[in-house]
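Asker: Can you keep this structure in mind? I'll have questions shortly.
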Amino acid sequence: MDVVVGRVAKAHGITGELAVDVRTDSPELRFKLGATLQAKLRDGTSRSLTVSAARPHAGRLLVRFEEVLTRDVAEALRGTLLLGSTDDLPPTDDPDEFYDHELEGLAAELVDGTKIGTVKEVVHGPGGELLVIIRDRGEALVPFVREIVPTVDVRGGRVVIDPPEGLLDAD
């Protein structure tokens, strides 16, 4: 399975370097020298890109790919999603740590067992992670903290939510 590990924000400089917004907890693995990523371009096409260099810069990574040698080619990649395989990820040793793709698709239920929806995605914001729960009446954003999400059962295919009053009423 492929997961989004970054998004090309813009070209940087004149030699094809790209400023990438990182969307992975393992940028040192995903963007290491020689790593191959699938690029999903805005027009829906895909191509493989091989990392030839990466360095942090102003909250982003500046990445060079073997296949991108000019600014014009780099500009054409603006907005491209960079995908990596989940098979390349090391196992997590901490039982309280999860990869986003492990949570996506899990059933969401209340402490009493009432089903409330399905986890669509994990949003990483400045204040922390949020679970986006698809419900019959739209989406709900649930802070992914132990007090509100006391149980994550990946093998059982569910997350248990103990929402404070009003959290799920606003959808």
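Nothing in this text is a laboratory measurement; each read-out follows from the coordinates by a stated rule. Small disclaimer: the values here were computed from a predicted structure and weren't measured. Note that each Cβ is placed from the backbone with ideal geometry, even for glycine, and that neighbours are counted across all protein chains shown.
Asker: Calculate log10 I(q)/I(0) of the range 103-171 for q = 0.27 Å⁻¹, where I(q) comes from the Debye formula with a single equal point scatterer on each Cα and nothing for solvent.
Answerer: Log-scaled intensity ratios, in q order: -1.42.
Asker: Place +1 on the Cβ of every Lys and Arg and -1 on the Cβ of every Asp and Glu in the chain, take the dipole about the Cα centre, and give the residue among GLY127, ALA107, LEU61 whose Cα lies farthest towards its positive end.
Answerer: LEU61
Asker: Using the Cβ atoms and a cut-off under 9 Å, what net charge is assigned to the surroundings of ALA11, where Lys and Arg are +1 and Asp and Glu are -1?
Answerer: Result for the neighbourhood of ALA11: 0.
Asker: Can you grab the distance from the C-alpha centre of the range 98-166 to the C-alpha centre of the range 63-79, Å, no decimals?
Answerer: If we compute the Cα centre of each part, the gap is 37 Å.
Asker: Under 10 Å, Cα contacts only: if you run a Gaussian network model on the chain, which one of PRO143, PRO91, PRO27 comes out with the highest mean-square fluctuation?
Answerer: Highest fluctuation of the listed residues: PRO91.
Asker: Still on this structure, I have one more. Magnitude of the Cβ-charge dipole of the range 12-171, K/R +1 and D/E -1, about the Cα centre, nearest 20 debye?
Answerer: Rounded to the nearest 20 debye, it is 780 debye.
Asker: Can you check what the net charge comes to around LYS115, using other residues whose Cβ is under 12 Å from the Cβ of LYS115 (Lys, Arg +1; Asp, Glu -1)?
Answerer: For residues surrounding LYS115, the net value is -1.
Asker: To continue, here is another question. Evaluate the charge dipole of the range 95-143 about its Cα centre and quote only its size in Debye, nearest 20, assuming +1 on the Cβ of each Lys and Arg and -1 on the Cβ of each Asp and Glu.
Answerer: 300
Asker: Rounded, prolate or oblate: which fits the chain when a ≥ b ≥ c are the square roots of the eigenvalues of the alpha-carbon gyration tensor, with rounded for a/c under 1.5 and prolate only if a/b beats b/c?
Answerer: prolate
Asker: Quick one: if the Förster radius is 30 Å, what FRET efficiency do THR86 and ASP112 give, using the C-beta to C-beta distance and rounding to 0.05?
Answerer: So, using R0 = 30 Å, E works out to roughly 0.40.
Asker: Which percent of Cα-Cα pairs in the range 1-43 sits in each 5 Å bin, short to long?
Answerer: Bin by bin from 0 Å, the calculated values are 5, 19, 26, 30, 15, 3, 0.
Asker: Please sort 57-65, 123-131 by packing, taking for each peptide the average over its residues of neighbouring beta carbons within 10 angstrom, highest first.
Answerer: Details: 57-65: 17.9, 123-131: 12.9.
Going by the mean number of other Cβ atoms within 10 Å, highest first, we get 57-65, 123-131.
Asker: Here's a follow-up. State, as an integer percentage, the relative contact order of the range 3-47 based on alpha-carbon contacts under 8 Å between residues 6 or more apart.
Answerer: 27
Asker: Then there's this: How big is the antiparallel share of DSSP beta bridges in the chain, given as a percent to the nearest 5? List each step's numbers first, then the result.
Answerer: Working: 47 of 51 bridges.
Roughly 90 percent of the DSSP beta bridges within the chain come out antiparallel.
Asker: Suppose only helical runs count, i.e. DSSP H with n ≥ 4. What mean residue ellipticity at 222 nm does that imply for the chain under -39500 (n - 2.57) per run, divided by all residues and rounded to the nearest 500 deg cm²/dmol?
Answerer: -1500 deg cm²/dmol
Asker: With +1 on the Cβ of every Lys and Arg and -1 on the Cβ of every Asp and Glu, and nothing else charged, how large is the dipole of the range 58-146 about its Cα centre, in debye rounded to the nearest 20?
Answerer: I would put it at about 500 debye.
Asker: In percent, how large is the relative contact order of the range 1-107, given Cα pairs closer than 8 Å and 6 or more residues apart?
Answerer: Working: 204 pairs, mean separation 37.2, N = 107.
It comes to 35 percent, rounded to a whole number.
Asker: Pick out, in residue order, every one of the trypsin sites (Lys or Arg not before Pro) in the range 82-169 that is DSSP loop and has at most 13 other C-beta atoms within 10 Å; say none if there are none.
Answerer: ARG137, ARG146, ARG155
Asker: Which aspartates and glutamates, if any, have their Cα less than 13 Å from the Cα of LYS10, not counting same-chain residues under 8 positions apart?
Answerer: ASP21, ASP72, GLU75
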